[in-house]
Structure formats: structure tokens, C-alpha cells
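The values are calculated or read from the model by the stated rules, or taken from the named source; none is laboratory data. Fair warning: this is a prediction, and the values are worked out from it, not measured in the lab. Neighbour counts run over all protein chains shown; Cβ positions are idealised from the backbone, glycine included. When the accessible area is computed, the model is the full protein with side chains, heavy atoms only, and any ligands, DNA or RNA have been set aside. Shrake-Rupley method; radii C 1.70, N 1.55, O 1.52, S 1.80 Å.
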Amino acid sequence: MATIQSVLEDVKDSVQDSAQRLEGRAAVEAGKAFAKQQHKTMALLADQQKELQSIRQELKKVRKQRQGGGFPWTLVLLAGSVYALYRSNPEVRDQIDGLLGRIDPGLKGNLARAGDAVKDAASDVMDGKSPSDAVKRAGGELQRAGEKAVDGAKDAAADLQQDAQAKTQDIKQDAQIKADGLKADAKDAANGSK
């Protein structure tokens, strides 16, 4: 018969074997859990890398657009310079006023409003505000002025064409009358010599 001591030793050995097996299983499970967590982390990092690449590409596009397009500062500066020259140089002002006096009054109003819009844009820039609304307004007025100028040129061309056609018709009629007169004179002369 086994003694209590030997039974206790057997139980102790069984517990230790079980503990070692459990430790081994726990280590394997912990390794699996760690591997799964690393896999998830790697997937998350890959997604973030894709998003960062997408953001970089968008940023490059925005930079290209701003370099190639963007706000027309050159146009604002040019318009401001022309306005300053107009205000400071009487000869330039007289030439521009003379040109404006020859054009359609509606066109003159569009150009005056465009000039006011340029002044507003320059004022906005000086105040640190965005001049985009004033520049859009100036562009619209200039576009309308251009349309009116083109329409006026078309009307003038049509009038010139009508005048030319009328004069051509008059010349043809005069030539026909003279030709008929010469024919009649020639007939009379031929009949008179017989």
C-alpha cells in the first residue's frame, strides 16, 4: 500500500505536470494572440500608409493647381497699375477718356463699373481681405463690355455691308442707264447715217 507521502508526491507530480502543460498551452495561446494582434497592426499600418499616399497625391494636385492657376494676382496688380497710371498721368487719362467718348454709353458704364470693382479689389487687398468678389465683378463687367463692343462692331460691319451693297446697286443702275443711253445713241447714229 502506498503511503500518504507517496500519494502526495504523485498528486504533486501530476499538478506540476498539469501546470507545465497549461503553461505551455498558455504560451502557445499567448503567441497566437500576439501574432493576431501583430497581423491586425500591420493591416492597420498598411491602410494608414495608403491613406497617407492618397493625401500626398491630393496635396501635389493642390500645389500644381495653385502654381498653375490660383488667384489672378497678376491681373489685380496690372489693373491696379493701369488705374494708378490713369489717375496720375493726365495724358493717359485724356487718351482713355477720348476712347471712351467714342464708344457706346452702355459700354462706357460697364468699363466704369469694372474700374470701380478694381478699386474695390485693391482696397480689399490693402485691408487684408480676399478681393475675389471684386475681381469677379470686374471680370463680369469687362466681359459685358466686350460683348457690347463685339455687338457694336458686328452692327457697324452689317451697316457697312448694306451701304456697300446699296452703292454697288446704284453703280450698276448708273452703268446700265449709261449703257442704254450709249446703245440708243449708237442706234440713232446708225439710223441717221442710212
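For LYS119, the test of being within 28 Å of the chain's Cα centre (by Cα), among the basic types (Lys, Arg), at pLDDT below 75 and surrounded by 15 or more Cβ atoms within 10 Å (Cβ to Cβ) is failed.
Which of the residues that make up region 67-93 are at pLDDT below 70 and under 18 Å from LYS136 (Cα atoms)? If the condition is that a residue be at pLDDT below 70 and under 18 Å from LYS136 (Cα atoms), then GLY69, GLY70, PHE71, PRO72, TRP73, LEU75, VAL76 are the ones that fit.
Return the total of residues in region 11-24 being open to solvent by less than 100 Å² (accessible area, probe 1.4 Å) and not polar (S, T, N, Q).
Looking only at that region, the number is 6.
Cβ-Cβ contacts under 8 Å between residues 6 or more apart (or on different chains), taken from a first residue in region 143-168 that is under 22 Å from ALA117 (Cα atoms) to a second residue that is modelled with pLDDT of 70 or more and surrounded by 12 or more Cβ atoms within 10 Å (Cβ to Cβ), are listed as ALA145/ALA114.
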